1. What ratio of Cα Rg to 2.2 N^0.38 Å holds for region B:169-211?
2. Name the most mobile residue of C:A392, C:A186, C:A25, meaning the one with the largest mean-square fluctuation, in a Gaussian network model of chain C with Cα contacts below 10 Å.
3. Answer with one residue from A:V325, B:V401, B:F375: the one whose Cα lies farthest towards the positive end of the charge dipole of the protein assembly as shown, charges on Cβ with Lys, Arg +1 and Asp, Glu -1.
4. Taking every residue in B:222-228, how many Cβ atoms of other protein chains lie within 10 Å of its Cβ, on average?
5. List the pairs from C:K26/C:K384; A:K152/C:K313; A:K10/C:K313; A:K41/A:K198 whose alpha-carbon separation is above 21 Å, in the order I gave them.
6. Any idea what angle helix A:172-187 forms with the longest principal axis of chain A, computed on alpha-carbon atoms, 0 to 90 degrees, nearest 10?
7. Count the DSSP beta bridges whose two residues both fall in the protein assembly as shown, then state the antiparallel fraction as a percent rounded to the nearest 5.
8. Using alpha carbon coordinates only, what is the Rg to Rh ratio of region A:3-235, with Rh defined as the Kirkwood radius?
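We did not get these values from a lab; they are worked out from the coordinates using the rules stated. Note that the structure is a prediction, hence the values are computed from the model and not measured. Neighbour counts run over all protein chains shown; Cβ positions are idealised from the backbone, glycine included.
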Amino acid sequence: MKLELRDITKRFGSLVANDHISITVEPGEIHCLLGENGAGKSTLMNVLYGLYTADEGEVLLDDVVQHFRGPGDAMAAGIGMVHQHFMLIPVFTVAENVMLGNEQTRSGGRLDLEAARAKVNDIASRFGFHVDPDAVVEDLPVGVQQRIEIIKALSRDAKVLIFDEPTAVLTPQETDELMGIMRQLKESGAAIVFITHKLREVREVADRITVIRRGAVVGEASPTSTDAELAAMMVGRAVELTVQKGEPTYAPSSLEVTGLEVTDARGAVLVDDVSFTVRGGEVLVVAGVQGNGQTELTEALVGLAAGTVAGSIRLDGTELVGRSVRGILDEGVGFIPEDRSTDGLVGAFSVAENLILDRTNAPPFVRRGVLQLGLRDEFATRSVEEFDIRTQGIDEPVGQLSGGNQQKVVVARELSRDLRLLVAAQPTRGVDVGSIEFIHKRIIATRDAGVPVVVVSTELDEAVALGDRILVMYRGRVVGIVPADTPRDVLGLMMAGIPAHGTEAA
Amino acid sequence: MSVDDSQLGGTSVAAPQHVGDEPPVRPAGTKAPDDGDRWREALRRVTSGGWAVSLGAVVLAVLAGSVMIAVTDKGVQDASGYFFSRPQDTFSAIGSAVGGAYAALFRGAVWDFRADDFAGGIKPFMSSLNFATPLIGAGLGVALAFRAGLFNIGGRGQMLVAAAAAGWVGFGVDLPIVLHLVVAMTAGIAAGAIWSGIAGLLKAATGAHEVITTIMLNYVAFYLISYMLATPGLLQAPGSSNPKTPPMADTVIMPRLLGAQYKLNLGFVFALVAVVLVWWLLNRSRLGFAFRAVGENPDAARVAGIDVRRTTVSVMLVAGGLIGLAGTTQVLGTVTTGFSSDIDAGIGFDAITVALLGRSTPFGVLAAAILFGAFKAGGSVMQASENVPIEIVLVIQSLIVLFIAAPPLVRAVFHLPQPGARPKKRARRQPKEVAA
Amino acid sequence: MSTAVETPSSAPMSTDLRRVAVVSAKSAIAYTAVTAAMALLLLLVPRDGDVRYRMGAEGDAVRLPDVALPGMAVAWVCVAIAALVSVAAWALLRVQRKPSVWLGILLGVVLLVAFLSWSGAGSQQDLPVTRLVGGAVLLSVPILFGALGGVIGERAGVVNIAIESQLLLGAFAAAITGSLTDSPVAGLVAAIVAGMLVAVVLGVFTITYKVDQVIVGVVLNVLVVGLTSFFYSEVLVPNAERLNDTERFKPIAIPVLSDVPIFGPALFRQSLLVYLAYLAVPVVWFALYRTRWGLRLRAVGEHPQAADTVGIKVELTRYRALLIAGGVVGLGGAFYTVVSVSSFGKEMTAGAGFIALAAVIFGKWDPVRAAMAALLFGFAANLKDMLSLVGAPVPSQFMLMLPYVVTLFAVAGLVGKSRAPAADGEPYIKE
């Protein structure tokens, strides 16, 4: 089935998410939509899938104009989608998830679970893998959950398949397997839309590439283009991601983590026997595919871990395990959380209030339980200037600032304290290029002041640029700790759980 | 196959960067949204409409009340029997029924235009303020919890235990004047705080939702107080078999503020003090900062070193104390001749509507409480003189809150402008602050 | 390229997270605590004399003899059994296993018998076992319908605090319609409609206008109390004979079943509405777990966005669920005016809706468990009457308090972990 999008425009208020986008996808073709986060790819696909209604333009299947009022219509027309955030009901079984919305019933209105099981087995075997139809989805690993999404789409005879950032949660190996499945689908005649921002994947499977930037098509590229060409199209200008930094000058302070273990309420060991040391004046980057225990590791470092924590975290000899968040902050630990809008900021609070959010336990901003508003505002005005926070004023709710400026508020707050350790999780996620450079600079400045710095990043480039050493995590364990100049293919393998010395798994 | 060196581009080439000004949108439902999140969103919706919407809601609710009065009025029913021959009769009957009822309401709530002098004329308003007194305290208790993202439906139980504690000290203990009042009030406020604190503790320790626990605690308190009222030696008046306490001692009764002819008593002053204290607490103190931070974003509060659990308990303690104040002023100021298990008189639930109407700000609560106090005062006059059952006040009150909670509905009815559709960025509205 | 500094091993690492077993000691502790509490009661407040259980009922085909036993002795034997159960729970904990449901039920039954035997010891009155069971069933009817409605709504993602108002309006409508038509069936139908009416309002505000569900629920309760009380005073009282005097359902004895000793008269000499309740539980269970309607409803309650992406209309599904739930709750409201008594009174539901809400939570959002919880709460209410009959030294207020206390323990997670539908209470907002 041939898919054509013609002049699709979608606005949210004053923001134009899609600006007259036109693309065509032929049957038996993998068409790649390449663009940064926030470029408008997902919006476009939600229009195609009937989740949004386009303000202008039309969707055509085999040259017939479609009018989708909801995903049901899109599916009925033969469009299937593998969502970036899986659209599966966690407490349902695989079979129930696959049948949902497309149920067969037997006499008395009873659900025909047998038919659903058979369908799951049938489709799975076509692609050479096995899924237990009666397994409950939330108990399955993400890679398997994604396959259920694929089975779900295929069980409805989808002829056009959309993969929305499917590799974000996969290891390199799982990614390769997914690519295999996509090729198989293509050979069976499906039209495939593959949305990603990862250049390697694009060049590997794409037949055609359309690059989207700020809601508009900036051009088509051929799969033979170089990374540099693709990247330049994607960002609009060649960006140097190098951080000016000298050799580390070690200071006497240090963070020592030994045998750290975090176990959640259900008994899963999320951080498993992790040990490392960070010396004052160096940056240790914790790298790995998202969801391999990095989040839990940082939470444990600042006393936020949800589960039980065993092992030891010593900062200049002081044990941090078992202490409250407040106690750890008071030891001089600065923390930039990975999700600023949930964990770093109170969106409805003003910039000034957010700048003292974690400093309300002691003078100068609070005396005898009373807020010192004058001092607070003075401090806020100074920070806004020093950290170049673009805001209408210190009383503006922080939620109205752009991502980069929000992040600068967090960074300003954390770096304005006397630090003995800085823990920064994904410090530049969702931040504009200018702010990234600024934040990187400040992190390096902190390191150069002799503070041990732990940075968690899933972006290999950031890891290599910022780190003095890189620790790779996989399934809660340390795969290895290597110097920052380690070759990328070695780092990639480590992220898949294969240690640097190892022989490659088949 | 090997992971090739250019997987993510070389150092000289762009890495995937994020250029857009929009923070990445996390689609709803990707992870089980945590409890607090949606509560806060919902509460914010309710508390962030405009004042025009509030006014519209009041007008709509009063209109609905008029319809109820009209259709149940004998005169209207008679006149509508011959509607097609003399329609004007029906309309004038409606006019006199509704007009009479609201005139009575006004006469009972604001100004008695039949009185001879100013002192008599203002009497209803004083009575309204007296009815407003417990609504202020209880409304503040609910509003404060709202601001911290907690839903305190336990007003009834908290008032009951507070009334019991204050009442017990009030009739059962011999103390000199002033000291007696201080001790009784302390006991009442503490009892309310503890009862509400149980819900806070349960939430902090086990995550039990405060909506459920406070509802359950209402009934536990009710039966507990009923038991005590029926048990000689606890709360029951000696020598009586009624489930009622003896009258309060003279040493503990709150003096009337403006002479014996007005019911308004010292409790009103305490309520006003509470308004100012809560305003100060929320806007100027560290504790209030923590309350609001936890209410707006408990995750960020936790990361910032604020102990969310302890804050939850403190919020509920303070909220319960405020509601306890309401229960205390009831038994020591208004119903001083002894009370039974209906002493809460629905104030615990009224408090929720007061807090919502007052947009959870201290001065908003004050205004809303006076409005609802006026409804109550006027409602009883309306019942006495026009035979309109006082329950109509419940209907009007609940309709006001329903309409306020759905601003689009009110705006549609009155053709007010709908606020522009915001981009899909999570629209965080301005916090609803009362500036001094 | 051998630059690795710290490399634990060179083999590929396992792809699975390590897991450690987690078994909670909660049930064992709870068992021990209640057993100890019972023993303490027996020790501190001993009572003399026999307890007499009346096994028969009037009109039994086979009449069992009454049983008289020494109350304290029976109670102590029961406590001993309970102690054994507790020990078993601890033993199971040592081998990392959870005690089965049956162990819990056994514990509950023996402690109940202990309590009854202690209460009835030395009393001049018999303890009528048939009424103990039959009364419990009868009193649990409105709670059960309320809880079933609550389960349906919450499974679809709508928290219904307004069960109380649905019961009340149902009772009100049944009273008027039943009186006007002299037909209890017409009253029943009117009650269903009334329940649905409240559901529509709840739906408009929570689903369409996305107002917080708890707020709307709380407010609806006040609104319906106001409306029914207003019209009761204005309309029903002046016209009591015409508008507020219903024909009630007569008990129907089911042949054969009603002759079974003890349980026959208790369970099968009831009125139509009770039999409907028996039927409603399996029907709701089947509908929720075995039909397309139920699958979609639960999907909408767990993950509305996912349901949307497979073409399920979230808002429509929720409206439909609310309407059906409202009808079910309305049925329970009819209990008050066409089964229990024959006229409406102000606020006559007296918090049954909140007990139903408690049953929903205590029953972990499952229709069968919620029905069991409703039965338990009905039993507690009935036990109050039974105990005052035998003159037991337990204040009635404490029996009435029991459902609420039990629910407090339940939500605090002291009687097993409960997990609400993930999107319960959350309005669905398309991004």
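1. Ratio of Cα Rg to 2.2 N^0.38 Å: 1.64.
2. Of the options given, C:A25 has the highest mean-square fluctuation.
3. Checking the options against the dipole of the protein assembly as shown, the answer is B:F375.
4. Neighbouring Cβ atoms belonging to other protein chains average 5 per residue here.
5. Table pairs above 21 Å Cα-Cα are C:K26/C:K384; A:K10/C:K313.
6. Tilt of helix A:172-187: around 20 degrees.
7. Within the protein assembly as shown, antiparallel bridges account for around 60 percent of the total.
8. Ratio value, two decimals: 0.98.
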